[in-house]
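Asks: Before I ask anything, here is the structure I am working with.
The values are calculated or read from the model by the stated rules, or taken from the named source; none is laboratory data. These numbers were taken from a predicted model, which means no experiment stands behind them. Don't worry about glycine lacking a Cβ; one is built from the backbone with ideal geometry, like all the others, and counts go over all protein chains shown.
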């Protein structure tokens, strides 16, 4: 059990917070679409991909390339020399944003991923307020505030606060804190510590000007991925910032 009822009911869907290298992403978006696809099919852009952050989640080069190329092959639009991002205007926002989402993985050093319910718990502690619902969880203000708040604590200190908050929620719900009575207690506590630490470090890394943070909900319309000027739907409408 992860905490309150709010956290349990959304535990099956992942939140993804992907770090994206601005310069690499700009470069990929500006390549003519046919040139981009050909280069990816030949593994010719692997040296552009940012160095992986081992503690984060990232697809292997060949898997990220294959996912993008599968999407590309199913969208035989009139690809031009204007650049990949420009060509996406021919598609629906949902279709185009999915291509951008897949392309962002090729410009990423890694992503934080966890169940939405756990993410809400972690942000509650970081922001010192309750994340009310899914709209609040993915709101631009929530992530802007999270980036501002992360510098006020160290990863280990923050992870300990997350565990204490989780334990307090269990107590409030009448759940045991005795590991002998619940064999899942210690593994779950360790998972919270590991994930909270990873989120903290991801947010710290996202503060580097060369990166932006792309936050989205797994298995949903990619046009809603990203906040503010880096929202994928907005990029298709207005271009790169």
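Asks: Take the conditions crowded, with 18+ Cβ neighbours inside 10 Å and more than 14 Å from residue 124 (Cα to Cα) and apply them to residue 191. Does it pass?
Replies: Taking the combined requirement at face value, the residue does not satisfy it.
Asks: Look through 98, 90, 116 and report the one residue that is at pLDDT 95 or above and farther than 20 Å from residue 206 by Cβ.
Replies: 98
Asks: Okay, moving on. Out of all the residues in the range 114-138, which are surrounded by fewer than 19 Cβ atoms within 10 Å (Cβ to Cβ) and within 30 Å of residue 87 (Cβ to Cβ)?
Replies: Once the filter is applied, which keeps residues that are surrounded by fewer than 19 Cβ atoms within 10 Å (Cβ to Cβ) and within 30 Å of residue 87 (Cβ to Cβ), the range 114-138 yields nothing.
Asks: Here is a follow-up. Out of all the residues in the range 165-174, is one or more crowded, with 22+ Cβ neighbours inside 10 Å, in contact with a helix residue (DSSP H, G or I) (Cβ under 7 Å, 6 or more places away or on another chain) and outside the structural domain of residue 36 (by TED's automatic domain parsing)?
Replies: yes
Asks: Suppose we filter the range 221-230 for residues that are closer than 16 Å to residue 136 by Cα, touching a residue at least 60 places away in the same chain (Cβ under 8 Å) and in a loop (DSSP other than H, G, I, E, B); how many remain?
Replies: Counting residues in the range 221-230 that are closer than 16 Å to residue 136 by Cα, touching a residue at least 60 places away in the same chain (Cβ under 8 Å) and in a loop (DSSP other than H, G, I, E, B) gives 2.
Asks: Can residue 66 be described as crowded, with 16+ Cβ neighbours inside 10 Å, free of Cβ contacts under 8 Å to residues at least 24 places away in the same chain, outside the structural domain of residue 184 (by TED's automatic domain parsing) and over 21 Å from residue 239 (Cβ atoms)? Explain how you work it out, then say what you get.
Replies: Values: crowded, with 16+ Cβ neighbours inside 10 Å: no; free of Cβ contacts under 8 Å to residues at least 24 places away in the same chain: yes; outside the structural domain of residue 184 (by TED's automatic domain parsing): yes; over 21 Å from residue 239 (Cβ atoms): yes.
Spelling it out, it is not the case that residue 66 is crowded, with 16+ Cβ neighbours inside 10 Å, free of Cβ contacts under 8 Å to residues at least 24 places away in the same chain, outside the structural domain of residue 184 (by TED's automatic domain parsing) and over 21 Å from residue 239 (Cβ atoms).
Asks: Return the only residue of 104, 55 being under 20 Å from residue 206 (Cβ atoms) and surrounded by fewer than 19 Cβ atoms within 10 Å (Cβ to Cβ).
Replies: It is 55.
Asks: Next question, about the same structure. Being touching a strand residue (DSSP E or B) at 6+ places or on another chain (Cβ under 9 Å) and either in a helix (DSSP H, G or I) or farther than 24 Å from residue 27 by Cβ (or both) narrows it down to one residue among 113, 129; which is it?
Replies: Step by step, each of 113, 129 is checked, and only 113 is touching a strand residue (DSSP E or B) at 6+ places or on another chain (Cβ under 9 Å) and either in a helix (DSSP H, G or I) or farther than 24 Å from residue 27 by Cβ (or both).
Asks: Take the range 46-79 and flag every residue that is under 15 Å from residue 20 (Cβ atoms), assigned to a loop (DSSP other than H, G, I, E, B) and touching a helix residue (DSSP H, G or I) at 6+ places or on another chain (Cβ under 8 Å).
Replies: Correct list: 49, 50, 53, 56, 58, 59.
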